[in-house]
Amino acid sequence: MHALHLAVLCVAATPLAAQTPVAPPPPPPPPLVVIKAGRLVDGRTERVQTNIGILIDGERIRAVGPIAQIEAQGRGARVIDLSQMTVLPGLIDTHTHLFLNGDPTSASYDEQLLYQSTAYRAILAARNARLALEHGFTAIRDVETEGAMFADVDVKLAVNRGHVPGPRVFASTRAMAPTGMYPILSQNWELELPHGVQPVDGVENARLAVREQVGHGADWIKYYSDRRYYFGPDSVLHSWVNFTDAEARAIVEETHRLGRKVAAHAIGSDGIAAALRAGVNTIEHGDGLTDSLMDVMARAGVYWVPTVTVGVYVGQPRGGIWPALVELERRAFGRALRRGVKIAMGTDVGGFPWTEIHQAREFEYYVQYGMTPMQAIQSGTSVAAALLGQEQNLGAIAPGLFADIIAVAGDPTRDITELQRVKFVMKGGTVYLTP
């Protein structure tokens, strides 16, 4: 009886043992990749290297060196032959608006916020992210959604999870301006209209707004330092300042306390000065920069993101003072360069249509305004990465960094417009565009 009982137990135990889950085998390591670069612009140095190999292990670069040496390190690796091309780090645009598709006039801006749902705008934003990647921009800083709330974080998550192709997104969510100082505005007080930004009034509300935006995934905080631009008797571009100094300092202090950085829209000299007093990290647009303000920026290490392309695009449609700002910024650019201001590439794409103007047009203006082609390239690679605090991940082709790599047929150090004809795009070791 005892033996029979044991036999029954053993038989009963057999199905349970069979049901014990077996752990799946670990996925195989990603294959090594070797890129053969005919010419290499590494994003950091001034020298163009020739016949260079890049060994990629998964999503990061393992080694860079002479082709024969790299091939020996990567035996059995898949080879991507770009030996007839110039290879560069993926480009970085530090001022974009994924949720806008051209706003040369207030009417075109209002139409998007009034007649397009956030869902529809998000679909276009996903398309815009794909366009940016195909144009060679493997990272962007998106400096607010213009009324689409926190949806740039949703695009970022969709890209990160592999649902849609796009660049690495550093999101700023809603941006901030005081009540009544940012569109949409109307004299009809009976209407409740969409807000292009988060309206913020008072020091405590400023801190609360920062916390809300960071809580919803903001990597950066942006605020509007000024509006209403005009030339004074001193021939300097002036502006109306939006926030009190106490409010602006509260935004910056709370942002820095939470480990983020602050971008300030500031066009006139008054708005720029107020933003610098508050301690911001970047000045966006900055047409009215004076020599003294440039010196403050250089000493404090504040970056300037000029967004020349959008200024040229909106000048004529907006009229008034806007056409004069193009020439004003051109003169400021040369002076800032000589005074040591750190200039990072940013286009304000979205202010002009993603589908009509190539983002890399911005580099062309920088060369026209006084940069060498190599300085212009670095403004959108290593300098832009430093602005983002991502020097250990982005902006160069070097061991340990992400394998964010592009290639063009010609030599952009001789013809900067080559960056508008990108033929190859890799982000994180994955190829998205091939010659």
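Structure above, values below:
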| read-out | value |
| --- | --- |
| Per-region count, region 90-118, residues buried (at least 24 other Cβ atoms within 10 Å of the Cβ), of a type outside the set (A, V, I, L, M, F, W, C) and modelled with pLDDT of 95 or more | 6 |
| Failed item, numbered, when Gly217 is tested on (1) on the phi > 0 side of the Ramachandran plot; (2) open to solvent by less than 10 Å² (accessible area, probe 1.4 Å) | (2) |
| Gln390 being touching a residue at least 12 places away in the same chain (Cβ under 8 Å), open to solvent by 10 Å² or more (accessible area, probe 1.4 Å) and either part of a loop (DSSP other than H, G, I, E, B) or not small (Gly, Ala, Ser) (or both) | yes |
| Any chance Phe137 is open to solvent by less than 10 Å² (accessible area, probe 1.4 Å) and under 15 Å from the mean Cα position of the chain (by Cα) | yes |
| Residue in region 163-185 that is of a type in the set (S, T, N, Q), open to solvent by 10 Å² or more (accessible area, probe 1.4 Å) and part of a helix (DSSP H, G or I) present | no |
| Residue pairs meeting the criteria (Cβ under 9 Å; at least 6 apart or on separate chains; first more than 15 Å from Asp295 (Cα to Cα), in region 263-280; second crowded, with 24+ Cβ neighbours inside 10 Å and among the basic types (Lys, Arg)) | Ala263/Arg141; Ala263/Lys222; Ala264/Lys222; His265/Lys222 |
| Candidates Val296, Val280, filtered to the one that is more than 16 Å from Ser239 (Cα to Cα), crowded, with 24+ Cβ neighbours inside 10 Å, β-branched (Val, Ile, Thr) and at pLDDT 95 or above | Val280 |
| Candidate set from region 32-70 (those that are buried (at least 16 other Cβ atoms within 10 Å of the Cβ) and acidic (Asp, Glu)); member that is nearest to Ser382 (Cα to Cα) | Asp42 |
| All positions within region 325-340 that are in contact with an Asp or Glu (Cβ under 9 Å, 6 or more places away or on another chain) and closer than 20 Å to Gly232 by Cβ | Leu325, Val326, Leu328, Glu329, Ala332, Arg335 |
| Subset of region 144-162 (residues that are part of a loop (DSSP other than H, G, I, E, B) and free of Cβ contacts under 8 Å to residues at least 12 places away in the same chain) | Arg161, Gly162 |
| Residue pairs meeting the criteria (Cβ under 9 Å; at least 6 apart or on separate chains; first in contact (Cβ under 8 Å) with a residue 12 or more places away in the chain and open to solvent by 50 Å² or more (accessible area, probe 1.4 Å), in region 243-261; second of a type outside the set (A, V, I, L, M) and assigned to a strand (DSSP E or B)) | Arg260/Trp220; Lys261/Trp220; Lys261/Thr282 |
| Hey, Val305 among the aliphatic types (A, V, I, L, M), crowded, with 17+ Cβ neighbours inside 10 Å, in contact (Cβ under 8 Å) with a residue 40 or more places away in the chain and touching a His at 6+ places or on another chain (Cβ under 7 Å) or not | yes |
| Looking only at region 73-87, and only at residues there that are open to solvent by 90 Å² or more (accessible area, probe 1.4 Å) and at pLDDT 95 or above, the one that is farthest from Lys423 (Cα to Cα) | Arg78 |
| In region 414-428, residue most open to solvent (accessible area, probe 1.4 Å) [restricted to those that are more than 18 Å from the chain's Cα centre (by Cα) and among the basic types (Lys, Arg)] | Arg414 |
| Matching residues in region 95-124 - criterion: being among the small types (Gly, Ala, Ser), under 24 Å from Pro317 (Cα atoms) and not in a loop (DSSP other than H, G, I, E, B) | Ser106, Ala107, Ser108 |
| Residue identified as on the phi < 0 side of the Ramachandran plot and open to solvent by 10 Å² or more (accessible area, probe 1.4 Å) among Phe363, Phe402, Phe352 | Phe402 |
| Residue count for region 55-71, restricted to those that are closer than 13 Å to Ile405 by Cα and either of a type in the set (D, E, K, R) or touching a helix residue (DSSP H, G or I) at 6+ places or on another chain (Cβ under 8 Å) (or both) | 4 |
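The values are calculated or read from the model by the stated rules, or taken from the named source; none is laboratory data. Just so we're clear, the structure is a prediction, and the values are computed from it rather than from any experiment. Virtual Cβ from ideal backbone geometry, glycine too; neighbours counted across all protein chains shown. Keep in mind that these areas ignore ligands, DNA and RNA; they rest on the heavy atoms of the full protein, side chains included. Shrake-Rupley method; radii C 1.70, N 1.55, O 1.52, S 1.80 Å.
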